[in-house]
Amino acid sequence: CVSRPLAQLVWSYGRKKPTKVLQNAVQAELYRPLNMRDCRKALRLPENGLFVGTAGTMHPNRGISALFKAFDLLKRKYPDLMLVLAGPRHIDIPNDPQIVYLGNLSEDRVPLVWNALNVAVVCNTRNEFGKYCFPQKACEIMACDTPMVGAEVGSMRDILAGHPSEWLYRPDDAADLIRAIENRLQDSRTNYTGVKTWSGIAQDL
C-alpha cells in the first residue's frame, strides 16, 4: 500500500495476509536544494519578493480553493507576495496579477518551482483521496529543503512527525492556512528527516 492509512483501510476489510507499506519517493539527482534566485530566473519570475505556491494536479477535490482564499487575504498584508502554481489544472485560476500559472511543466523543471518558493503548500481535503493518498509533492519539497505547510489529513502528520505541529493546517480552512503560511514566512527551518529515494524504496521492497 502507498500509505499507512490505506493499509489500515485494507486491514479493516479483514485482510489476513502480510501487507507492506511502500510510500512514494524522489529521484535524488533531480530533487535537491538549488539557488532560489537562479530558479526564479529560470522560470522567468521576479528575483525579489515573497513567493508561496504549489505544483501538481489542481482539482476541486484537492482543497486548492483554500489556498486561493488565503492568498487573497495575505497579499493585502504582504504587497510583494506572489502565488506560483504549476501542473495540470481542472479549476479556474483567479485572474490576479500576483498569481503566476507556469503551466504543466516537465518533471525536470518541477524542482525549480519548489526551490523558487519561500513557502510550499501541500493542499488536500478530508475526502477519500486525501485520507488515503501519499502526497508525492511533500517528499519533493523536503528533498529540495524548502519550508512547507500541509493540510492535516491522511499521511501528512506521519510525514511531518517530529516537526512543529504549526506546519500543519486544518483542511479547507483558509484562516488556519494563513496562520501556517505566516508562521513559515518567519520560521524557515526545515531539518527534514526520512526523505526516501526510489533506490531506498526498492531495497525496502
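The values are calculated or read from the model by the stated rules, or taken from the named source; none is laboratory data. On a predicted model such as this, the values are computed, not experimentally measured, just so you know. As a convention, Cβ positions derive from the backbone with ideal geometry for all residues, glycine included, and neighbour counts pool all protein chains shown. Just the protein is used for accessible areas: all its heavy atoms, side chains included, with ligands, DNA and RNA removed. Shrake-Rupley method; radii C 1.70, N 1.55, O 1.52, S 1.80 Å.
For region 159-175, give me the residue count where each residue is assigned to a helix (DSSP H, G or I) and crowded, with 16+ Cβ neighbours inside 10 Å.
Quick first cut of region 159-175, residues assigned to a helix (DSSP H, G or I) only: 159, 165-167, 174-175.
Retained after the next criterion (residues that are crowded, with 16+ Cβ neighbours inside 10 Å): 159, 167, 174.
Of the residues in region 159-175, 3 are assigned to a helix (DSSP H, G or I) and crowded, with 16+ Cβ neighbours inside 10 Å.
Give the residue that is farthest from residue 122 (Cα to Cα), with candidates limited to residues of region 65-76 that are open to solvent by 10 Å² or more (accessible area, probe 1.4 Å) and in contact (Cβ under 8 Å) with a residue 40 or more places away in the chain.
Going through the qualifying residues, I end up with 73.
I'm checking my understanding of the structure. Among residues of region 176-201 that are basic (Lys, Arg) and not in a loop (DSSP other than H, G, I, E, B), which one is most open to solvent (accessible area, probe 1.4 Å)? Reasoning before the result, please.
At the first step, the residues of region 176-201 found to be basic (Lys, Arg) are 179, 184, 189, 196.
Of the ones still in play, those that are also not in a loop (DSSP other than H, G, I, E, B) are 179, 184.
Details: 179: 85, 184: 2 Å².
Checked region 176-201; the qualifying residue most open to solvent (accessible area, probe 1.4 Å) is 179.
Could you list, in sequence order, the residues of region 117-131 that are over 21 Å from residue 195 (Cβ atoms) and outside any loop (DSSP other than H, G, I, E, B)?
Filtering region 117-131 down to residues over 21 Å from residue 195 (Cβ atoms) leaves 125-131.
Selection gives 128, 129, 130, 131.
Looking only at region 77-90, filter to residues that are surrounded by 15 or more Cβ atoms within 10 Å (Cβ to Cβ) and over 13 Å from the mean Cα position of the chain (by Cα); which one of those is farthest from residue 189 (Cα to Cα)?
Going through the qualifying residues, I end up with 89.
Identify, by number, the condition in (1) open to solvent by 70 Å² or more (accessible area, probe 1.4 Å); (2) out of contact with any His (no Cβ under 9 Å at 6 or more places or on another chain) that residue 122 doesn't meet.
Of (1) open to solvent by 70 Å² or more (accessible area, probe 1.4 Å); (2) out of contact with any His (no Cβ under 9 Å at 6 or more places or on another chain), only one is false for residue 122: (1).
Looking at region 169-192, I want the residues that are in contact (Cβ under 8 Å) with a residue 12 or more places away in the chain and within 25 Å of residue 32 (Cβ to Cβ) and have a partner that is acidic (Asp, Glu) and in a loop (DSSP other than H, G, I, E, B) with Cβ atoms under 8 Å, at least 6 apart or on another chain. Which pairs are those?
What qualifies is 190/145; 192/145.
What single numbered condition from (1) open to solvent by 40 Å² or more (accessible area, probe 1.4 Å); (2) aliphatic (A, V, I, L, M); (3) touching a strand residue (DSSP E or B) at 6+ places or on another chain (Cβ under 7 Å) fails to hold for residue 26?
Failed condition: (1).
Does region 37-58 hold any residues that are of a type in the set (A, V, I, L, M, F, W, C), out of contact with any Asp or Glu (no Cβ under 9 Å at 6 or more places or on another chain) and open to solvent by 30 Å² or more (accessible area, probe 1.4 Å), and which are they?
Residue satisfying the conditions is 42 alone.
What pairs can you find where one residue is in region 140-152 and open to solvent by less than 10 Å² (accessible area, probe 1.4 Å), the other is basic (Lys, Arg), and their Cβ atoms are less than 6 Å apart, with a gap of 6+ or different chains?
Pairs found: 149/184.
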